[in-house]
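Please read the structure below before turning to the comments.
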Amino acid sequence: MMKGGPSQEDIRRHNLGTLLRFVHLRGPASRATLAESLGLNRSTIMALTADLTAAGLVREELPRGPGRRAGRPSLVVRPESTRVYVLAFEVGVDRLVVARVGLGGVVLDRREGVRARGSDPAELLGVLVAGARALVRKAERDAVCVGATLGFPGTVRRSDDTIMFGPNLDVGELRLGDALSRRLGLGIPVSVCNDANLGALAEHERGAGVGCDNLIYLHGDVGVGGGIIAHGRLLGGDEGFGGEIGHMIINPGGRLCACGSKGCLEAEVGERTLLAHAGREESPDQPGRDAVRAVVAAADAGDIAAREALQRVGSWLGLGVANLVNVFNPGLVVFGGTLRDIYLGAAAQIRSVMATGALAAPRERVKLRTAALGDDTTLVGAAEFAFAEVLADPVQVLTRLRAPEAVP
Amino acid sequence: MSVTPALDLRGIEKSFGSVTVLHDVAFSAYPGEVTALVGDNGAGKTTLVKCIGGIHAFDAGEYRFEGRPVRIGSPREATRLGIEIVHQDLALCENLDIVQNLFLGRERRRGLTLDETAMEEMARSTLSGLAVRTMGSVRQRIATLSGGQRQTVAIARAVLWDSKVVILDEPAAALGIAQTQQVLEVVRRLADKGLAVVLISHNMNDVFAVSDRIAAMYLGRMVAQVRTSDVTHRQVVELITSGASGELGLRR
Ligand SMILES: Nc1ncnc2c1ncn2[C@@H]1O[C@H](COP(=O)(O)OP(=O)(O)OP(=O)(O)O)[C@@H](O)[C@H]1O
Ligand SMILES: [Mg+2]
C-alpha cells in the first residue's frame, strides 16, 4: 500500500489530460491506438473518452478521407476543434496577428495586419481587441474559449506577466495581458509571453522539434530572441527571463545593442546590422522581413556588398550557435523568423565557424533546421500556451468555463 | 558506422569509349541523411548518378543496396528497388495535371484500383506533408506551375511511392531564391522522414544548409566523403578545385 500517492481523482485527471493532449497534438486516433500509445487498457480509454465527450472536448466518429479498407472501420476520437478554442495574439515589430485556434491546433480564423514602426502604442490595444472580438463573433454559438496568450518580442516576468523589457517594440502598457483581458470581457486571463519562447514551444510540439526534448529555437525579428527546451520543458530560469540568447555577448566591445550593452548576438546579427553592413537603409515601407530577404536574394545574385554582409553576420551567428552547442548540447537548433533566411543564405559560413569553434562531441550530432511552422511560430506557440490549462485538467476547466455564472 | 547504408558503391569504373569518366569511385548514402555530392563541372557527378539509377551500366565495381549486392540493368529495376531520381530536366508531363503526374504508370498497384477521389486525396496529403505553402488545386496542369512547385511534385512522387533513396541532380539550378529555399526545406524534410537523399549542387550555402555528409569528386575520382559538421567551406572548395585539402582528399 502506497502512502501519500496520487488519489483516484488525480489519476483520472492526469489520464484525461494525457488522452486529450494526444489527440490535440497527434490528431484523431482510434481507441486501439490510444490504448497502445498511452499504455492504458481499452476499458479505461472508453471511460475517459466518455468523460471527455460529455464535457464536449472530443467526439467519436468514423475516420474521414481515403485509405478505407475492407471490413468495418473503427471509430476515431477527434478533438472538438470548432467548439473548443483559444485566442492567440502575435504582436510583432511589423505585424499584428490574432487567431482563433481550435483544439487540435487548427487555425479556424485569423486577422492579420501590418504594424507601422513607431505607431502609437495607445492604439495597439484597440486593434487587438477589435480583431479578437470579430473572431469571437464568428465562432459557433456553443463554442467556448478556453484560453488566450499574447506573444511579443520582449522580456516578461512569469509570476505576474509584467513586461520588463522590450526595446524594439513599445506596447505602451506593462500589464498588457490584464488590459486586454479586461477589454475582451470573456472571463479569461490573457497570458503574455516572449515570442521566441513561444516559438520554441511551437517547434517542439508541432514543428521541426517533435520528438526532440533538448532544442534551441532562435528567432529573428528586428532583434534576436531565443527559447531553450531542456528535458522537454521551456527553460525559464528563476523568474522567466531565461533564454535571452540575443543578449549573449559574443563580441566584447562590439556594436552597440538596443539593451545598452555592446556586442550582443542581436547587435551583431540583427536586421539593422545586416542592412547597415549591406549599405542599405531601414525603410518605412519595406517591413524588416522583406528587407532581410532582399539582402539574401541580392547576395545570391552576386551582389558583393550583400554577400559580405551575410558572411559577417553568418560568422557571428555561427559563433553564437557554437557556444550554445557547447553549453546545452541540444539535439536540434531551429532558425525561425528572419534567421531562417539568414541561415539558408549563410549556412556555409555558419557551419564553418561551428566546425572550428564547437567541441566535436556535441557538434557531431546537432541538427540545424529551419522552422517547420514558417512565419507562424509565435502564433502557434501562443495557442499551445493558451491550451495548457485545459490540457492539464480538461473536465474541471470546461465545467467552470461553461458555467460562467458560477464564477464569482 | 553501424547503420547500413542505403546505397554503397565501391570501385566503380566507367568509360565512354576511350575516355574514363569514373575511376575507382566509392560512394555511400545513409537513411535519414542528406548526402551532398559536389564537384566541378565534368567531375562525374551526373555519370555516377546515372550508374546508380541504371541508366548507364558501369564497367567494374560493387553496388550494394541496403547491404545486399544488386545488379541494376535498367531504370525500371532501380525504381523497383525504391530509387527515385529527380533529373534536372524533370520528367513530368506538362499537359497532365498534378494527380495524373503523381500516379503516371502506377494507377494500379498490387491489384488495387484507386479511384480518382482517393488519388486526389493522396496527392493532396502527400504535397501538404512536404511543402509549407500549399500548392492550390491538385488538378492544375503541370504547365501552370512554377519551377519550385514542379520540383516539389517530382519529389512528391518519390514520397508517394515509398522510395528509399531519392537523388536530386541540381534541383535548384533553374530556380529563383525563394523557390530554391523551399526545395531545400523539402529535401531536408524528406531525409528527416527516413529516406536517404542525395543532393547534387554547386551552391555551397545550399550544401551546408541541408547536408549531413559531403561527398566530393574531382576529375572522376571520389576524393573525400566527410561529415558536414567536421569541415569548413574552404576545405570543401579546396577539395572541389584541387582534389585535396590538408589531410583530406588525394594523397600527393
Ligand atoms: N554519354 C557520354 N559520352 C561521353 N562522355 C560523357 C558522356 N556523359 C558524360 N560524359 C563526360 O563525362 C565527364 C563527366 O560528366 P558529368 O556529366 O558526369 O559531370 P558532372 O559532374 O555532372 O558535371 P556538371 O556539374 O557540369 O553537371 C565529362 O567530361 C563529360 O563530358
Ligand atoms: Mg551534372
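A probe of 1.4 angstrom, applied to the heavy atoms of all protein chains, finds A:M164 with accessible area near 90 square angstrom. All Cα-Cα separations within the range A:32-163 were binned at 5 Å from zero, giving a P(r) of 2, 8, 14, 15, 14, 13, 10, 9, 7, 4, 2, 1, 0, each value a whole percent of the pairs. Accessible surface comparison of A:W316, B:W161, probe 1.4 Å, protein chains only, largest first: the order is A:W316, B:W161. Buried surface between chains B and A: roughly 2000 Å² of accessible area, summed over both sides, computed with a 1.4 Å probe on protein heavy atoms only. Among B:S18, B:S211, B:S128, the largest mean-square fluctuation in a Gaussian network model of chain B (Cα springs under 10 Å) belongs to B:S18.
Neighbouring Cβ atoms from other chains, within 10 Å of the Cβ of residues in B:210-221, number 1 on average. Taking amide hydrogens as placed 1.01 Å from N in the peptide plane, the amide H of B:M217 sits under 5 Å from those of B:V38, B:G39, B:V223, each at least 5 positions away in sequence or on another chain.
If Rh is defined by the Kirkwood formula over all Cα pairs and Rg also comes from Cα, what ratio Rg/Rh do you get for the protein assembly as shown?
Values: Rg = 26.6 Å, Rh = 26.9 Å.
Rounded to two decimals, Rg over Rh is 0.99.
Ranked by solvent-accessible area (1.4 Å probe, protein heavy atoms only, all chains present), the residues A:H14, A:H204 order from largest to smallest as A:H14, A:H204.
Just to be sure I understand: if I project the alpha-carbon convex hull of chain B onto a plane and average over all orientations, what area do I get in nm²?
Numbers: hull surface 56.9 nm².
For chain B, the mean projected area of the Cα convex hull comes to 14.2 nm².
Within the full protein context, the accessible area of A:L235 is estimated at about 70 Å² for a probe radius of 1.4 Å.
Among the GluC sites (Glu not before Pro) within the range A:116-209, which fall in a DSSP loop and have no more than 13 other Cβ atoms within 10 Å of their own Cβ? Spell out each step's value before the answer.
Details: sites: A:E123, A:E140, A:E173, A:E203, A:E205; in loops: A:E140, A:E173.
Hits after loop and neighbour filter: A:E140.
Treating each Cα of the range A:196-257 as an identical point scatterer and ignoring solvent, apply the Debye formula and state log10 I(q)/I(0) at q = 0.25, 0.27 Å⁻¹. Cα-only, vacuum Debye calculation for the range A:196-257: -0.99, -1.09. Comparing A:G260, A:G236, A:G172 in a Gaussian network model of chain A, where Cα atoms under 10 Å apart are tied by springs, the biggest mean-square fluctuation is seen for A:G260. Peptide A:349-357 shows a mean partner chain C-beta count of 5 within 10 Å per residue C-beta.
Here the range B:1-57 yields Rg over Rh of 0.99, to two decimals, using C-alpha coordinates and the Kirkwood radius. Considering only the Cα atoms of the range A:330-373, their convex hull presents on average a projected area of 3.1 nm². A straight line joining the Cα centroids of the range A:205-234 and the range B:184-252 runs 28 Å.
Ellipsoid fit via the Cα gyration tensor, the range A:211-372: semi-axes of 25, 17, 15 Å, each the root of five times an eigenvalue, largest first. For B:C93, the accessible area of its heavy atoms, probed at 1.4 Å with every protein chain present, is near 50 square angstrom.
The values are calculated or read from the model by the stated rules, or taken from the named source; none is laboratory data. All values derive from a computational prediction rather than experimental measurement. Heads up, the Cβs are rebuilt from the backbone with ideal geometry, glycines too, and the neighbour counts pull from every protein chain shown. Keep in mind that these areas ignore ligands, DNA and RNA; they rest on the heavy atoms of the full protein, side chains included. Shrake-Rupley method; radii C 1.70, N 1.55, O 1.52, S 1.80 Å.
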